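Values in this text are rule-based calculations from the coordinates and carry no lab data. Note that this is a predicted model, so its numbers are computed, not measured.
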Amino acid sequence: MLVLYVIAALVIVLGLVLLVLTLLRTRRKAAGFRAAAARAQADIADRRGLIRARVAALGVALAQRRRIGAEERVAGAAADAEGRHR
């Protein structure tokens, strides 16, 4: 009868040891997953920032083209006006 209690106690202790080992391994894997998720989030934020910068640069370039085009039209109109008066 005592042997059955000893065997049961050993099985419980072995089960607890396996549970602790499994929990520790899971905790390590979760820490690795959190680190990978943080790296991915930082990478996405960097890419989003680069896209915003490119869009802003494109807006500046388009505004410059519009301004230069308007200046050329004004200069052309002025040249035409001078040519007509001469």
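In sequence order, what are the phi-derived ³J(HN,Hα) couplings for the range 37-48 according to the Karplus relation 6.51 cos²θ - 1.76 cosθ + 1.60 with θ = phi - 60°, rounded to whole Hz, with x for glycine and proline?
Running phi through 6.51 cos²θ - 1.76 cosθ + 1.60 with θ = phi - 60° gives 5, 5, 5, 5, 5, 5, 5, 5, 5, 4, 5, 5 Hz.
Cα atoms only, the chain: Rg and Dmax in Å?
When restricted to Cα atoms, the chain yields Rg and Dmax of 37.0, 127 Å.
Given 0.36 nm per residue, what is the gain on full extension from residue 44 to residue 21 after removing their alpha carbon distance, in nm?
Working it through step by step, the gained length comes to 4.8 nm.
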